[in-house]
1. Does segment 35-45 contain at least one residue that is more than 17 Å from D190 (Cα to Cα) and part of a loop (DSSP other than H, G, I, E, B)?
2. Go through (1) within 21 Å of the chain's Cα centre (by Cα); (2) closer than 28 Å to V121 by Cα; (3) not aliphatic (A, V, I, L, M) and name the single condition S259 misses.
3. Go through L75, L99 for me and flag whichever is among the aliphatic types (A, V, I, L, M), in contact (Cβ under 8 Å) with a residue 40 or more places away in the chain, farther than 13 Å from D215 by Cα and touching a Pro at 6+ places or on another chain (Cβ under 6 Å).
4. Quick check on my filter: what residues within segment 14-25 are modelled with pLDDT of 95 or more and touching a strand residue (DSSP E or B) at 6+ places or on another chain (Cβ under 8 Å)?
5. Please work out which residue is modelled with the lowest pLDDT, limiting yourself to segment 189-226 and to residues that are β-branched (V, I, T) and outside any strand (DSSP E or B).
6. Got a number for residues in segment 106-164 being over 30 Å from L263 (Cα atoms) and among the acidic types (D, E)?
Amino acid sequence: MAPPRPAYSVIVPTYRRPDVLALCLERLSRLDYPPKQVEVRVYDNGSPRDSRAVVDRFRDRLALTYTLNEPGHGLGYSLRRGARECRGERVVELNDDALVPPDFLTDLDRAFASDSRIGVVGVRALEKGYAANGTGIGRIDTRSRVIVGNFDRATEGPVEVEHVYGFCYAYTRAVLEAGGGHDAVLLAKDYSTGNRIETDQCLTARRLGFRVVYDGRVGVEHLAKPRGDVSERSPRWRVNEIRNTLYLFLKHYGLFGRSFLALRYLLLHDLGVLSAIRQPTRKNLGYVWTGLAARASAIAHYIEWANS
């Protein structure tokens, strides 16, 4: 007979940040929640000696599983693998630089209990220098083609959103069993930097009939440390952002749906053509080329997904 499922599985991907991983696990060890009801799964994409040593320090305080991925795997791979291997009735995806408060899981229980249709709960980011944008919370602005966050705002309770902030959020096993896990075609592949993974999952969950909410009463400290594997200012990051965003729009709205969102993004977003015409330097031409390559990759993956 299989053992009963814990109430929560916490998935923590990590990559060469043993110092912040230690802070993350320390906060998890202080949760005001029955220890037997929480399993913590750490997925390491590099520096196993340091990260494993950190995990070992907490084995007597947490129900911990440490997994060293094969070289070359990234954030999306770890999250998809964790969702496949975890046992909890609810799953929390937690960046290794996110620090939860003691009442974190109790507050999540309260949010989920407010409506049985809720499948995903996002939380408020207590993050220094958080960059707010647009209007509203957790919505896709079709006019500007911007995926709006504003996840630093307080609310009086759970509010309906289209997506949540991926640094820390929770979803139910029912979402996974209904097919609302992470996308295997693009957004969770090894070369994905994580852009749009949570947005895709939230849009999928909504399509499956689940509610996606943001609860600004639940605050989690986010250190927002540099990841180490890729800079958010690098060409690789730009390629991933364009490719993943266009793929996301194509997958959920097609080329012409929701006010031609994917088509307008394809033709108008961050092309750099005018700069290349005015100053045809190698840098400017390369900028245009990487944007075109990202678009071609998104279309190819969308075709793969549509035929899968």
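The values are calculated or read from the model by the stated rules, or taken from the named source; none is laboratory data. This one's a predicted model, so the numbers in the text were calculated from it and none came from an experiment. Cβ placement follows ideal geometry from the backbone for every residue including glycine, while neighbour counts extend to all protein chains displayed.
1. No, because not a single residue in segment 35-45 is more than 17 Å from D190 (Cα to Cα) and part of a loop (DSSP other than H, G, I, E, B).
2. That leaves (1) as the condition not met.
3. Working: L99 fails: touching a Pro at 6+ places or on another chain (Cβ under 6 Å).
Selected residue: L75, the only one of L75, L99 that is among the aliphatic types (A, V, I, L, M), in contact (Cβ under 8 Å) with a residue 40 or more places away in the chain, farther than 13 Å from D215 by Cα and touching a Pro at 6+ places or on another chain (Cβ under 6 Å).
4. Within segment 14-25, L21, L23, C24, L25 meet the criteria.
5. Of segment 189-226, the ones β-branched (V, I, T) are 193, 197, 199, 204, 212-213, 218, 220.
With outside any strand (DSSP E or B) added as a condition, the list becomes 193, 197, 199, 204.
Details: T193: 73, I197: 94, T199: 97, T204: 98.
Here the answer is T193.
6. 6
Rundown of residues vs (1) in the same structural domain as E160 (by TED's automatic domain parsing); (2) within 17 Å of the chain's Cα centre (by Cα); (3) within 18 Å of V20 (Cα to Cα); (4) modelled with pLDDT under 95, yes/no style:
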site	(1), (2), (3), (4)
N45	yes, yes, yes, yes
L68	yes, no, yes, yes
H73	yes, yes, no, yes
S78	yes, yes, yes, yes
R90	yes, yes, no, no
L105	yes, no, no, no
